[in-house]
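Here's the structure we're looking at; comments come further down.
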Amino acid sequence: MKVLAVTSEVFPLVKTGGLADVCGALPAALAAEGVSVITLMPGYPPVLTELRDTVVILEIADLFGGPARALRGQAGALDIVAIDAPHLYARAGDPYVGPDGVDWPDNAVRFAGLGRVAAMLAKGALAVDAVHLHDWQAGLAAAYLCQRDEPGPGIVATVHNLAFQGLFGAHMLEALGLTAEQFSPAGLEYHGAISFLKASLIYADRITTVSPTYADEIRTAEGGMGLDGVLRQRGHNVSGILNGIDTDIWDPEIDPAIPVRFGRGKPVRRAANKAALQRHFGLAENGTALLCGVVSRMSWQKGLDLLLEVLPVLRAENMQLALLGSGEPALQAAFSAAAARDPDYVGCLFGYDETVAHLIQAGSDALLVPSRFEPCGLTQLCALRYGSIPLVARVGGLADTVIDANAASLTQGVATGVQFAPVTRPALEQALRRLGMLWRNVPAWRRTQRNGMAMDVSWRGPAAAYARLFRALRA
Ligand code: ADP
Ligand code: GLC
């Protein structure tokens with residue numbers, strides 16, 4: 001069976017977050033389930049540079065203001081179709097935001113273009129069984145596919161983050177090729193605006209999100225970001241399928257980015273990585289301090305402002321912090337200032353760096369993820385695999401992937417990390433103290449670490465669930 005995945009990001013071509021990791025890894029896992037995936041994405045400059053053996057499969061005289069071609073080619077093992085439309089995508093840097101830090105003013109047509117080409121290819125040149133739409137950027141594909149009352153592919157929409165909805169002014173309706181009938185509360189209208197994400201939630205046959213707990217949360221007023229009513233209406237068509245990670249890229253036994261490789265049986269070899277990580281961040285090379293890592297976008301979602309507030313507790317517990325992040329300038333400045341005050345204990349690097357991300361997973365004793373909400377989260381999955389004990393907020397996919405080290409789970413020998421709730425400063429402080437106690441209980445720490453490393457965080461199970469969903473649609 002053949003599926004067209006539609007996305008704005010694919011690792012390693014273009015990445016601003018976990019969406020790219022998912023779209024880069026899921027095709028191979030689905031192939032093992034007998035589902036072949038072709039991935040459609042905008043032809044951003046790095047995508048066009050990387051594609052090999054391209055052939056033109058579609059030419060469009062006018063795609064929202066200029067000519068476009070769909071180029072099918074290979075990037076590694078990925079079967080990619082890139083939309084070569086220079087007026088929309090030939091821009092350097094971030095895929096959504098211009099150099100001034102503001103969204104590109106024509107994002108509505110840029111991502112309507114993605115949806116339009118998806119709809120054309122799905123019924124035409126590629127004739128797929130299903131389309132798999134990722135996040136708001138792909139949302140209009142569902143609206144276009146449903147404009148004509150004729151058989152088409154099944155539509156699965158996956159929500160990676162409900163906070164990003166793709167809202168644009170109603171004056172764009174005609175220019176985007178949407179119908180007046182579609183612009184209603186029962187369609188893609190959201191309080192007078194056009195919502196690309198809502199289009200996918202309304203017109204898709206099935207909606208998935210990236211963890212079971214997030215699937216529940218987004219159907220509540222608290223977590224629904226204004227779309228909980230729409231999601232509740234879709235009833236049993238909404239489900240959660242947990243993400244995996246690419247266990248070829250994230251494998252401590254063969255990872256080329258880390259100084260010393262180690263397997264499940266040899267977590268003690270991590271000590272050399274810890275020392276390397278301390279050196280890399282200019283921290284005191286102290287084997288007894290508990291080294292905490294963070295790899296994160298720096299935004300309100302990720303709760304790093306709470307982490308700033310609890311730095312004195314980390315210090316009191318003899319914990320160091322190595323933070324790699326990028327995002328809000330005010331947060332970066334605050335962490336920089338904290339590092340300048342206490343360089344032996346707090347180190348930070350700002351920017352995007354895959355190698356350092358791997359070093360943090362391989363060398364930290366614990367990985368902190370204090371998110372206010374987290375649809376799935378991938379860094380805690382990497383941490384589990386790399387023997388860094390995750391300390392996470394009990395929300396979304398973090399709740400689903402970490403087993404809290406409480407008295408019962410420690411007695412049963414099944415703990416994999418530490419959870420805290422609610423997402424507040426006192427709860428985080430208490431969790432850090434519990435992490436400290438676990439650290440001082442060496443056998444319990446080792447057991448918890450081994451449990452995490454033994455967990456299956458691969459795409460095998462999730463890919464099988466997606467495959468079942470696609471097959472059910474065809475039936
Ligand atoms: P989100 O998609 O919300 O940012 P995820 O945890 O799902 O969160 O995915 C984040 C991905 O981006 C992970 O692969 C993580 O390792 C990576 N990442 C985040 N920040 C950085 C950074 N500064 N440098 C390198 N990788 C990063
Ligand atoms: C989003 C979410 C994150 C999730 C990722 C991949 O960016 O914020 O929790 O892991 O998508 O699905």
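The values are calculated or read from the model by the stated rules, or taken from the named source; none is laboratory data. Just so you know, these numbers come straight off a predicted model, no measurement behind them. Ideal geometry is used to build each Cβ from the backbone, glycine not excepted, and the neighbour counts take in all protein chains shown. The accessibility values were calculated without ligands, DNA or RNA, using every heavy atom of the protein model including side chains. Shrake-Rupley method; radii C 1.70, N 1.55, O 1.52, S 1.80 Å.
How much mean residue ellipticity at 222 nm does the chain get from its helices, if each DSSP H run of length 4 or more adds -39500 (n - 2.57) and you divide by all residues, to the nearest 500 deg cm²/dmol? Could you put the intermediate results ahead of the total?
Details: 19 runs with 177 residues, N = 475.
Counting only the DSSP helices, I get -10500 deg cm²/dmol.
For K274, K266, give the ranking by accessible area with the largest first, probe 1.4 Å. Could the numbers behind the result be given before it?
Details: K274 15, K266 115 Å².
Sorted descending by solvent-accessible area, the residues read K266, K274.
How do H236, H280 stack up against each other in accessible area, from largest to smallest, with a 1.4 angstrom probe?
Numbers: H236 185, H280 100 Å².
Ranked list, largest accessible area first: H236, H280.
Would you work out if the range 393-454 is rounded, prolate or oblate? Take a ≥ b ≥ c from the square roots of the eigenvalues of the alpha-carbon gyration tensor; rounded if a/c is under 1.5, else prolate when a/b is larger than b/c, oblate otherwise.
Values: a/c = 2.20, a/b = 1.32, b/c = 1.67.
Since a/c reaches 1.5 but b/c is at least a/b, the shape of the range 393-454 is classed as oblate.
With a/c under 1.5 counting as rounded, go ahead and sort the chain into rounded, prolate or oblate using the C-alpha gyration tensor (a ≥ b ≥ c being the square roots of the eigenvalues; past the cut-off, prolate if a/b is larger than b/c, else oblate).
prolate
Output wanted: per-residue J couplings in Hz (rounded whole) for the range 399-408, from phi through Karplus 6.51 cos²θ - 1.76 cosθ + 1.60, θ = phi - 60°, x for Gly and Pro.
5, 7, 10, 10, 9, 5, 7, 9, 4, 5
Over 24 Å between C-alpha atoms is what I'm after, so list which of K2/K302; K266/K302; K123/K198 land there. Write down the numbers at each step before the final one.
Numbers: K2/K302 36 Å; K266/K302 32 Å; K123/K198 22 Å.
K2/K302; K266/K302, as the Cα separations exceed 24 Å there.
Listed highest first by mean packing, meaning other Cβ atoms within 10 Å per residue, what order do 178-189, 306-317 come in?
On the way: 178-189: 15.8, 306-317: 17.6.
Top to bottom by mean Cβ count within 10 Å: 306-317, 178-189.
With every protein chain left in place and a probe of 1.4 Å, what is the accessible surface of W136, to the nearest 10 Å²?
Accessible area, nearest 10 Å²: 30 Å².
Could you give the length gained on full extension between A180 and A316, defined as 0.36 nm per residue of separation minus the Cα-Cα distance, in nm?
Stretched out fully, the A180 to A316 stretch lengthens by 42.8 nm.
Report the FRET efficiency, 1/(1 + (r/R0)^6), for L308 and S36, where r is their Cβ-Cβ distance and R0 is 60 Å, rounded to 0.05. Let's see the in-between values first.
Values: r = 46 Å, r/R0 = 0.77.
With R0 = 60 Å, the Cβ-Cβ based efficiency is 0.80.
Among DSSP beta bridges lying fully in the range 321-414, give the percent that are antiparallel, nearest 5.
Numbers: 0 of 9 bridges.
Percent antiparallel among DSSP bridges in the range 321-414 is about 0.
Does anything in the range 316-348 have its amide N under 18 Å from the 7 Å Cα→Cβ label point of N286, and if so which residues?
316-323, 338-348
Let me have the relative contact order for the chain, percent, based on Cα pairs under 8 Å that are six or more residues apart.
Result for the chain is 12 percent.
Run through the DSSP bridge list for the chain and note the antiparallel percent, rounded to the nearest 5.
Details: 20 of 69 bridges.
Antiparallel bridges make up about 30 percent of those DSSP assigns within the chain.
Excluding A157 itself, calculate the net charge of residues whose Cβ lies under 14 Å from the Cβ of A157, where each Lys or Arg counts +1 and each Asp or Glu counts -1. Can you show the working numbers first?
On the way: positive: K198, R206, R234; negative: D135, D205.
Summing Lys/Arg as +1 and Asp/Glu as -1 gives +1.
Is the range 177-220 rounded, prolate or oblate when judged by the Cα gyration tensor, a ≥ b ≥ c being the square roots of its eigenvalues, rounded requiring a/c under 1.5 and prolate requiring a/b larger than b/c? List each step's numbers first, then the result.
Working: a/c = 3.20, a/b = 2.13, b/c = 1.50.
It comes out prolate by the Cα gyration axes.
Return one whole number: the accessible area per residue of the chain in Å², for a 1.4 Å probe. Don't skip to the end; give the middle numbers.
Numbers: 18500 Å² over 475 residues.
On a per-residue basis, 39 Å².
Round to a whole number: what % of the accessible area of the chain belongs to carbon and sulfur, probe 1.4 Å?
On the way: 10050 of 18500 Å².
Solvent-exposed carbon and sulfur of the chain make up 54 percent of the total.
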